[in-house]
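Here is the structure we will look at, set down as structure tokens.
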Amino acid sequence: DAKTTQPPSMDCAEGRAANLPCNHSTISGNEYVYWYRQIHSQGPQYIIHGLKNNETNEMASLIITEDRKSSTLILPHATLRDTAVYYCIVRDVMDSSYKLIFGSGTRLLVRP
Amino acid sequence: EAQVTQNPRYLITVTGKKLTVTCSQNMNHEYMSWYRQDPGLGLRQIYYSMNVEVTDKGDVPEGYKVSRKEKRNFPLILESPSPNQTSLYFCASSFSIGTAYEQYFGPGTRLTVT
């Protein structure tokens with residue numbers, strides 16, 4: 001499984017964009033990048049995923065570099081409710097266990 | 001509302017007293033899974049199920065049992081709980097094998113075994 005590296009913590013001002021980086025330099029061709037978040041001991045919440053193209057949904061945008069060795073999750077207008085731990089997860093969709101492997105994540109604090 | 005529900009949300013019990021944590025989803029999802037979350041160890045998969053009557057062990061299955069008799073339910077059974085099973089437990093589900101990593105999580109069950 002490809003390993004991911006994320007900064008332990010970040011902060012941003014409310015209303016500004018939050019850009020959360022993730023390094024996955026050993027990612028292989030079959031592996032997708034998934035992002036989840038967990039708000040203070042609640043169940044993790046799926047945000048977005050991608051393979052190599054940039055993706056956008058109602059929650060966020062995902063930018064994956066051309067060499068796929070890193071990605072950035074963008075919350076375009078962060079709110080206080082976006083304060084959470086964000087997890088970048090790399091998974092091979094051919095892996096039959098389908099388990100999500102959560103690392104340490106990035107603790108994002110959105111400041112008023 | 002599409003959701004995964006777990007019961008109970010909080011439970012304090014004693015060593016050796018059998019307990020069941022229920023998990024139910026109303027989205028007709030094929031795939032369901034149980035995780036436990038412990039400080040410093042992250043979330044670890046206990047068991048998972050591809051569909052009715054199909055279950056398999058995750059990374060930390062010792063001390064746990066599961067069953068999948070109906071598509072919507074996936075109970076977690078602790079036959080003889082021990083203090084090292086004190087943890088925060090999450091049930092998760094996803095629509096199908098093709099979208100297995102887009103998982104919906106329940107609100108969690110905080111279990112304390114004394």
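Structure above, values below:
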| read-out | value |
| --- | --- |
| Exclusive hit being of a type outside the set (Phe, Trp, Tyr), surrounded by fewer than 16 Cβ atoms within 10 Å (Cβ to Cβ), within 14 Å of chain A (Cβ to nearest Cβ) and in contact (Cβ under 8 Å) with a residue 40 or more places away in the chain, set B:Ser33, B:Ser96 | B:Ser96 |
| Residues of segment B:83-93 satisfying the condition of being buried (at least 22 other Cβ atoms within 10 Å of the Cβ) and at the interface with chain A (Cβ under 9 Å from one of its Cβ atoms) | B:Phe90, B:Cys91, B:Ala92 |
| Residue tally, condition within 10 Å of chain B (Cβ to nearest Cβ), surrounded by 15 or more Cβ atoms within 10 Å (Cβ to Cβ) and not in a strand (DSSP E or B), over segment A:64-103 | 8 |
| Pick from segment B:57-114, criterion modelled with pLDDT of 95 or more and acidic (Asp, Glu), ranking: nearest to B:Glu30 (Cα to Cα) | B:Glu70 |
| Filter result for B:Gly16 (surrounded by fewer than 18 Cβ atoms within 10 Å (Cβ to Cβ), over 14 Å from the mean Cα position of the chain (by Cα) and assigned to a loop (DSSP other than H, G, I, E, B)) | yes |
| Flag if A:Leu51 is without any contact (Cβ under 8 Å) to a residue 40 or more places away in the chain and loosely packed, with under 15 Cβ neighbours inside 10 Å | yes |
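The values are calculated or read from the model by the stated rules, or taken from the named source; none is laboratory data. Not measured: the values here are computed from a predicted model. All Cβ positions, even for glycine, are placed from backbone atoms using ideal geometry, and neighbour counts span all protein chains on display.
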